[in-house]
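Q: First the structure, then my questions, so here it is.
The values are calculated or read from the model by the stated rules, or taken from the named source; none is laboratory data. Nothing here was measured: the structure is a model prediction, and the numbers come from that model. Because the Cβ atoms are built from the backbone with ideal geometry, glycine has one as well, and the counts that use them run over all protein chains shown. In case anyone asks, the SASA skips ligands and DNA or RNA and just uses the protein heavy atoms, side chains included. Shrake-Rupley method; radii C 1.70, N 1.55, O 1.52, S 1.80 Å.
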Amino acid sequence: MQRTRILVVGGVAAGPAAAAAAVRTDPDAEVVLFEQGVDVSYGACELPYLASGLVRDARDLVRHDASDLERSRGFSVRTLHRAEGIDPAARRLTVRDLASGAVREERYEALVLATGARAANGGVDGLEGPRVCTLRTLDDGTRLSEALRRDPTGHVVVLGGGFTGLETASRLAAAGRRVTLLAPGGPASDHLEPVLAARLDAALLRHGVAVRRERATAIRHDAGGPPLAVRTDRGELVGAGLVVAALGIVPETALGGSAGLRIGGSGAFRVDAGMRTSARGIWACGDCVEVPRLPDARPAWVPLAPVARQGARVAGHNAARRGRQAEERLRSQAVGYCARIAGLEIGSVGWTGASARREGFDADVVVVEHVSASPLHPESAPLHAALVFERPGGRILGAQFLGSSGAVARANVIVAALHGGATVSDLHEFDFAYSPPVAPALDILTIAGRAARKTLRQVRRTAP
């Protein structure tokens, strides 16, 4: 009897997780993962620490190599194999062996695409050369760390104000580098209310990062040599010994798109709650798909490792399930980001006020300041919060927290609140844990809930 054949395309977080889930669901299936690079599973989120020298060796970021995955997870891994075409009707995947150049067709009963995302260029001309580095793959991180070692004192210009760019700039400054960050919207502007972003901006300056609210338009190179300068949208030239481009990412959907798979408005694959694409027998997961987002389950592109793993678990199980096995479904995601930048811990969950209003919510925001622990405790520090909520009912839509400690713990409370459909009144009435060294008697979450509830009452009193 021929074994069920399940193929997975792509590594890092989603591909190996989907393959492992398929093996757990059907141990008798033949599960094969194809990865076009050498490394299958590594910590992409730690790449800024490799660049700054906090992580000394790129191999320390490798979670599992191919032989380890085959031995411990039970599926086959073929590195240096690039998937180049799909025939959904015949259920054939065209694969090129990059070592030999040989091309062959692989049959499948089920196919899982975990093709991820690629670095965006942000419309910057001249974004190539020996001293221009992106920071998306392990090879990128290795190349950047080597470039930094060759020029241990040069000025580094980081392009992009997202968390990857901010973490890279912060870590390089902490390592003694002179760093300029070009962030046209300001630091983390997509994830923080303006008042919190301003505090992050000030912290970056204190830690040696010069933040310029300008957009890079081009890199001016010497003939065959290092970049001389980065040109901005204001016509300025910023001298640079090294440029790090952290201009965001875009979903990698060329393989499935050429086979006719449906693409959503974000540019990522549109899948159902079972991670099934528009083609029979093909599932997708990770940074190449849209997922349902709280609070209204609208499809959104959420390129985050925890979301990728959740979707991969669902996709792998459903690709392998047979008979009466129940289908797994991905629940709506709260979407949480966190980082430590310039000595500050940041947690951002759900919508900001501006993004919620763009999505059609009647949203309001309150911003409060408190402390991370009892004021009498020596480790207590200021903690800032912004709570986003819907009018008139007070449903929580998101929140952000910023401080030297305690921000992410509060952000994770908001994750649970979003999943439970909690309101600001619920937040005000929750009985949070209290201990002087780690949490004050009156938590900042309680204060934010009270402020939001007061705002809603004022709105009701002034309503016509």
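Q: Counting only protein heavy atoms and using a 1.4 Å probe, what share of the accessible area of region 292-394 belongs to carbon plus sulfur, as a whole percent?
A: Carbon with sulfur: 49 percent of the solvent-accessible area.
Q: Now a separate question. Can you give the helix-only mean residue ellipticity at 222 nm for the chain, where every DSSP H stretch with n ≥ 4 adds -39500 (n - 2.57) and the sum goes over all residues, rounded to the nearest 500 deg cm²/dmol?
A: -8500 deg cm²/dmol
Q: Tell me, what ³J(HN,Hα) does each residue in region 363-373 have, in order and in whole Hz, if you take phi through Karplus 6.51 cos²θ - 1.76 cosθ + 1.60 with θ = phi - 60° and put x for Gly and Pro?
A: 9, 10, 9, 10, 10, 10, 10, 8, 10, 7, 8
Q: To continue, here is another question. Can you pull out the trypsin sites (Lys or Arg not before Pro) in region 298-350 that DSSP calls coil and that have at most 11 other Cβ atoms within 10 Å?
A: Sparse-neighbourhood loop trypsin sites (Lys or Arg not before Pro): ARG322, ARG324.
Q: Here is a further query. Along region 105-117, what does the Karplus equation 6.51 cos²θ - 1.76 cosθ + 1.60 (θ = phi - 60°) give for ³J(HN,Hα), rounded to whole Hz, x for Gly and Pro?
A: Per-residue couplings from phi come out as 9, 10, 6, 8, 8, 9, 10, 10, 9, 10, 7, x, 9 Hz.
Q: Sticking with this one: On average, how much accessible surface per residue is there in the chain, in Å², for a 1.4 Å probe, leaving out ligands, DNA and RNA?
A: Normalised by residue count, the accessible surface of the chain is 44 Å².
Q: Find out how many positive minus negative residues lie around SER100, taking Lys and Arg as positive, Asp and Glu as negative, among other residues whose Cβ is under 14 Å from that of SER100.
A: So the environment of SER100 carries a net charge of +3.
Q: Which far-off residues, 5 or more places away or on another chain, put their amide H under 5 Å from the one on ILE86, with H placed in the peptide plane?
A: THR94
Q: At most 16 other Cβ atoms within 10 Å plus a DSSP loop assignment makes a site exposed; report the longest stretch of the chain without any exposed chymotrypsin sites (Phe, Trp or Tyr not before Pro).
A: 1-429
Q: Less than 11 Å Cβ to Cβ from ALA29, Lys/Arg counted +1 and Asp/Glu -1: what total charge do the surrounding residues give?
A: +1
Q: Residue by residue through region 133-147, what is 3J(HN,Hα) from phi via Karplus (6.51 cos²θ - 1.76 cosθ + 1.60, θ = phi - 60°)? Round to whole Hz and write x for glycine and proline.
A: Along region 133-147, the couplings run 10, 9, 9, 10, 10, 4, 4, 4, x, 5, 5, 5, 4, 5, 5 Hz.
Q: Over region 215-285, what relative contact order in percent results from Cα pairs under 8 Å that are six or more residues apart?
A: Contact order relative to length: 16 percent.
Q: Only sites in a loop by DSSP and with at most 16 other Cβ atoms within 10 Å count here; which trypsin sites (Lys or Arg not before Pro) in region 396-464 make the cut?
A: Of the trypsin sites (Lys or Arg not before Pro), not one in the loops of region 396-464 has a Cβ with at most 16 other Cβ atoms within 10 Å.
Q: Just report the Cα centroid separation between region 132-191 and region 394-427, whole Å.
A: Distance between centres, Cα-based: 30 Å.
Q: Which trypsin sites (Lys or Arg not before Pro) in region 201-259 sit in a loop by DSSP (not H, G, I, E or B) and have at most 13 other Cβ atoms within 10 Å of their own Cβ?
A: Answer in residue order: ARG234.
Q: While we're looking at this one, here's another question. At 1.4 Å probe size, with the rest of the protein present, what percent of the exposed accessible area of region 1-139 is carbon and sulfur atoms?
A: Whole-percent figure for carbon plus sulfur exposure: 45.
Q: Report, in whole Å, the centroid distance computed from the Cα atoms of region 284-358 and region 45-96.
A: Distance between centres, Cα-based: 21 Å.
Q: 5 Å is the cut-off here: which amide hydrogens, built 1.01 Å from N in the peptide plane, fall below it relative to ALA300, excluding neighbours closer than 5 in sequence?
A: VAL291, ARG293
Q: Treating each Cα of region 78-155 as an identical point scatterer and ignoring solvent, apply the Debye formula and state log10 I(q)/I(0) at q = 0.11, 0.12, 0.27 Å⁻¹.
A: Treating every Cα as an identical point scatterer, log10 I(q)/I(0) equals -0.51, -0.58, -1.23.
Q: With percent of Cα pairs over 35 Å apart in mind, check [x] 39; [y] 32; [z] 50 and report the label derived from this structure.
A: This structure yields the entry labelled [x].
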